[in-house]
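A short reminder: the numbers here are calculations on the coordinates, not readings from a lab. For clarity, every value in this text was computed on a predicted model and none was experimentally measured. We place every Cβ from the backbone using ideal geometry, glycine too, and count neighbours over all the protein chains shown.
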Amino acid sequence: MLSPTSILRLPYDRSLTHAGIEYAKKSLHYTYNRMRLDPAARLRKIVTGVAVELAFRRWLDANGVSYDLLGATAFTEKDKYDLRLGGRRCDLKSFLISDRAKISELRRDPGWLLDATALIPQDQFEEGGLGENDFYLFGFLAGLETRRSDELKKVVQSAQPFYLLYTPGEAAWLGTNPWRSLGRLIFKSNSDQPVEVEVGGQNEKRESILEHLRLEPHFRAETRREFFSLLYLHVLHLPAGALGVRSPVLRETLLIEPRDWTNIWMYGLEIFLAGWMTKAEFRARSQKLPKGSLVKQYPRTQTDNRALPIKELRPIGELASLVKNSEWGRM
């Protein structure tokens, strides 16, 4: 059983957001969209998950708790597990608290989390990824997002950081069917000022590749290499006009308007690691929670879940002690 003082409070810095962005922009099209979220929401969800995991790893390092990352895979594949501690696999579940009022309450009193809900998607829980003695760990990121164009405008005017991304949705550009060259991609900008763009995709071997182009107004520019998929485009500043990308193989052009760019920067404030529980314990003590249910951290859940109150979890400090003292076998 948790108490407010057993909830870990971890600092947030920009490096956590950067790490999340670097992973999210390449892996978006290779993650299962269980909740049927739009690309912008999915990108921010991935950023949240990576940021919380990295913050947890830093805490483990600082406290001398050993772990491994052998379950990590290439961005095109699903990770086997997030971390492994004491020989047991850990699936880290992360939740974003972005409502300003809830953030204020949480930062004033971490005990606010005790009545929140630990959620595991029902289909994911039933699949064979984790053994019964492996465990789930639940973390929360208190942070703000920009979801609307007016919010992005305020961020730009106030000189806050932002990261603009565009991700194609068409299968042909992602190389899903069939896998073939798109050719050397041709770009043209209708902005009156030069636009610097980062082009991220894959080569013939499905390896990650990227190029940086400087697009002069109304002039064409071409990538040096052939792309077999176009995963994302990133620009440093919001273009004033449309940006076109043409594949000579597809004989198609993507036309990206200024409104199509998404800011996936996470304005993180603090991370809270609530607690953990083995899969066997979670199975015995949790209940089924249908899609659309109200929980403290969200107005409605996006999928069917297994659920139990956060306050029923075990403290992170206990987990660290078990691993450091090799006491897993006594559980």
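Taking springs between alpha-carbon atoms closer than 10 angstrom, which of Gly201, Gly128, Gly241 fluctuates most in the Gaussian network model of the chain?
Gly128
Could you point to the label whose value was computed as Cα extents along the principal axes in Å for the structure here, given [x] 67, 42, 39; [y] 59, 43, 38; [z] 69, 50, 39?
Entry [x].
Using the Cα centre of the chain as the reference point, and only Cβ charges (+1 on K/R, -1 on D/E), how large is the resulting charge dipole? Debye, rounded to the nearest 20.
Using only the charged Cβ atoms, the result is roughly 340 debye.
Report, in debye and to the nearest 20, how large the dipole of region 157-278 comes out about its Cα centre when Lys and Arg carry +1 and Asp and Glu carry -1 on their Cβ.
400 debye
Put +1 on the Cβ of each Lys and Arg and -1 on the Cβ of each Asp and Glu in the chain; which of Trp179, Gln124, Leu92 then has its Cα farthest toward the positive end of the dipole?
Gln124
Show me, for region 148-164, the HN-Hα J-couplings you get by feeding each phi into the Karplus relation (A = 6.51, B = -1.76, C = 1.60, θ = phi - 60°), rounded to Hz, glycine and proline as x.
Rounded to whole hertz, the list is 10, 5, 5, 5, 5, 4, 5, 4, 5, 5, 8, 6, 7, x, 8, 9, 9.
For the chain, find the longest principal axis of its Cα atoms and tell me its angle to the long axis of helix 39-62, 0 to 90°, nearest 10.
50 degrees
Using 18 Å as the Cα-Cα cut-off, could you pick out the over-long pairs in Lys102/Lys154; Lys25/Lys154; Lys26/Lys291; Lys102/Lys288; Lys93/Lys324; Lys93/Lys296?
Lys102/Lys154; Lys25/Lys154; Lys26/Lys291; Lys102/Lys288; Lys93/Lys324
Just check region 80-222 against the gyration tensor rule for me: Cα atoms, a ≥ b ≥ c as the square roots of the eigenvalues, rounded for a/c under 1.5, and otherwise prolate or oblate depending on whether a/b exceeds b/c.
oblate
About the Cα centre, and with charges only on the beta carbon of Lys, Arg (+1) and Asp, Glu (-1), how big is the dipole of region 113-206? Nearest 20 debye, please.
700 debye
As I understand it, the value is the acute angle between the Cα axis of helix 14-27 and the longest principal axis of the Cα atoms of the chain; what does it come to in degrees, rounded to 10?
70 degrees
For the charge dipole of region 126-241, defined by +1 on Lys and Arg C-beta atoms and -1 on Asp and Glu C-beta atoms about the Cα centroid, which residue among Phe138, Leu230, Phe219 has the Cα displaced farthest towards the positive pole?
Going by the charge dipole, the pick is Phe219.
Place +1 on the Cβ of every Lys and Arg and -1 on the Cβ of every Asp and Glu in the chain, take the dipole about the Cα centre, and give the residue among Ile271, Phe162, Ser286 whose Cα lies farthest towards its positive end.
Checking the options against the dipole of the chain, the answer is Ser286.
What does the charge count around His218 come to, taking other residues whose C-beta lies under 11 Å from its C-beta (Lys +1, Arg +1, Asp -1, Glu -1)?
It works out to a net charge of 0.
Are there GluC sites (Glu not before Pro) in region 227-331 that DSSP marks as loop and that have at most 15 other Cβ atoms within 10 Å, and which are they?
Hits after loop and neighbour filter: Glu327.
Within region 194-263, report the chymotrypsin sites (Phe, Trp or Tyr not before Pro) that DSSP leaves as loop and that have at most 14 other Cβ atoms within 10 Å.
Passing both the DSSP loop test and the Cβ count: Phe219.
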